[in-house]
């Protein structure tokens, strides 16, 4: 029997978006409701203000506590990940299901989508052009720099240059203070020595 025009407008379950099929090997497994609830407690919407790196870090930390016999960790992650998404982020996941059908591809595509190059460049600029504010102590300035680094772990700036930029961005008084603490010149220290000195100053302030 031929379809009427109305029939073509009726929703069809075949058109409902779903995630990718997950290769679980030779064994099927069931995700416990309590586990799904834990993942859903920290969902990301895909908003510009959200930190995709932090979301993925939290998700992986949770997944690392899960062990299912004879099931690859990557399969568990891919099954659970859509439960950590909502709003635009979940729409993206369903739309890109062919491009996110393995965990490696999924995690890479997620960061590419929700941690765009513009955001990376902005944070990289804050790291490379760091400036201590007039009201900050050296430990407070260091902590702020570490916040930028944590928000952009793929910044690509070598440790020696991070330390040098930090020193150059300090006020004159702070540079004199940190040189005195270094026993003469902060820039004469090794990477490990300079890092240890700053961490000691942070600890002492705490």
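The values are calculated or read from the model by the stated rules, or taken from the named source; none is laboratory data. Computed from a predicted model, the values in this text were never measured in an experiment. Cβ: placed from backbone, ideal geometry, glycine included. Neighbour counts: every protein chain shown.
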- Item | Residue count for the stretch 74-108, restricted to those that are crowded, with 19+ Cβ neighbours inside 10 Å, more than 15 Å from residue 60 (Cα to Cα) and in contact (Cβ under 8 Å) with a residue 60 or more places away in the chain | 2
- Item | Residue count for the stretch 125-161, restricted to those that are surrounded by 18 or more Cβ atoms within 10 Å (Cβ to Cβ) and over 20 Å from residue 51 (Cβ atoms) | 4
- Would the stretch 136-147 turn up any residue that is more than 14 Å from residue 198 (Cα to Cα) and within 17 Å of the chain's Cα centre (by Cα)? yes
- Filter the stretch 61-73 for residues that are surrounded by 13 or more Cβ atoms within 10 Å (Cβ to Cβ) and free of Cβ contacts under 8 Å to residues at least 40 places away in the same chain; which is farthest from the chain's Cα centre (by Cα)? 68
- Cβ-Cβ under 9 Å pairs, at least 6 apart or on other chains, the stretch 182-196 side on the phi > 0 side of the Ramachandran plot, far side surrounded by 15 or more Cβ atoms within 10 Å (Cβ to Cβ): 183/189
- In the stretch 169-181, the residues that are within 19 Å of residue 135 (Cβ to Cβ) and either touching a strand residue (DSSP E or B) at 6+ places or on another chain (Cβ under 6 Å) or in contact (Cβ under 8 Å) with a residue 12 or more places away in the chain (or both): 169, 170, 171, 174, 177, 178
- Task: Have a look at 122, 41 and point out the one that is surrounded by fewer than 16 Cβ atoms within 10 Å (Cβ to Cβ), assigned by TED's automatic domain parsing to the domain that holds residue 167 and free of Cβ contacts under 8 Å to residues at least 24 places away in the same chain.
- Result: 122
- Message: Against the condition exposed (fewer than 13 other Cβ atoms within 10 Å of the Cβ) and within 25 Å of residue 148 (Cα to Cα), how does residue 47 come out, does it pass?
- Response: yes
- Task: Confirm whether residue 23 is under 22 Å from residue 109 (Cβ atoms), modelled with pLDDT of 90 or more, in contact with a helix residue (DSSP H, G or I) (Cβ under 7 Å, 6 or more places away or on another chain) and assigned to a loop (DSSP other than H, G, I, E, B).
- Result: no
